[in-house]
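Written out below as structure tokens is the structure these notes cover.
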Amino acid sequence: MKIHLPNSAFLGNIDPFFRGFDPSNPDKLEITANEKWISVHPIVLSMIVALGLTVKPENILCEKFEATSKHYLVRMGLFKLLHIASDINIVEHEAAGRFIPITQIRTSDELTKFIAEMIPLLHLEPEQAKTLGYIVSELVRNVLEHAESEHGAILCAQYYKKSNSIRIGIADTGVGIKTTINRSYSAKTDLEAIQLALTPGITGTTTREGGTEQNAGAGLFFIKSIASVNRDFFVIYSGHGFYKLLKKQPTKKLSLNADPFDDRHSNDQDLPFWRGTLVGVDITLDQTAEFSMLLHVIRGTYSTAIKERKKARHKKPKFI
């Protein structure tokens, strides 16, 4: 496998980075980087570590980084988690309020502990903390409950004070969304599986409309909705499929779509194969009137989607 750290790879321009990923020769990992500058979204770092954990440390080839921003990679824990020796020396300043280093979570207890430690670290207001805690909990829970990933979930986050926003990236090398969804539904492609996974009431654990109390099939939909109402980016990549929620133009009326393809978005169904799932999301933490209405609107959209699917299901012709 080969992966290159570019000078810039954030959710808005992440597509070329994903297309440049080479999944061939899965027993080895070669990491290269831009010589002058490296500025990337947390999803990139989570992705690299997730890949690295699937191969033996001696089979990871990491070139000597020359970019002045190489210290950031050390501080985020990239080399430490991959057991790569590094001659980059840094003075580790307090991380509070700035970032969450790359973290591996394999159990529910580890998730609970992580969230308990993460919230005070970022010095957030109660409502902001609740939103962020929910997002992280849902993303990691999806991995632990559905991905069957030997190495669990790999995540990290970066806070930007100027824009009062946080960027989160999570990766796993499990079975992927298509395999999970096809346990209860029929998705012919990875992109179709992603569409179903983002639709409220769809869960790979049951064909029951609306899911169950434990698996409502709405976690990813809620997270996409939070990004949508805040006009932020949301990305999901699994198998050959890729979906990116694009920023919406400001409007007077808040509306959410149950079908993710009705949102302003881009997609691709021919990316290099990613064994597992990658999710990246940017969240602006400013509390707006629209955001205050979010939970109410989500509940309404979710209920409507379930009713429409039940109605369509009952209308299907029956052949004897």
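The values are calculated or read from the model by the stated rules, or taken from the named source; none is laboratory data. All values reported here derive from a predicted model rather than from experimental measurement. Please note: Cβ atoms are built from the backbone with ideal geometry, for glycine as well, and neighbour counts cover all protein chains shown. Only protein heavy atoms, including side chains, enter the accessible area calculation; ligands, DNA and RNA are left aside. Shrake-Rupley method; radii C 1.70, N 1.55, O 1.52, S 1.80 Å.
Sorting Val281, Val74 by solvent-accessible area of protein heavy atoms yields Val74, Val281, largest first, with a 1.4 Å probe. Among the listed pairs Lys64/Lys162; Lys80/Lys224; Lys28/Lys64; Lys2/Lys36; Lys2/Lys64; Lys36/Lys248, which are separated by more than 24 Å between their Cα atoms? Over 24 Å Cα-Cα: Lys64/Lys162; Lys80/Lys224; Lys36/Lys248. Net charge in the neighbourhood of Leu5 (other residues with Cβ under 12 Å of its Cβ; Lys, Arg +1, Asp, Glu -1) is -1. Rounded to the nearest 20 debye, the dipole magnitude of segment 1-83 is 220 debye, with +1 charges on Lys and Arg beta carbons, -1 on Asp and Glu beta carbons, and the Cα centre as origin.
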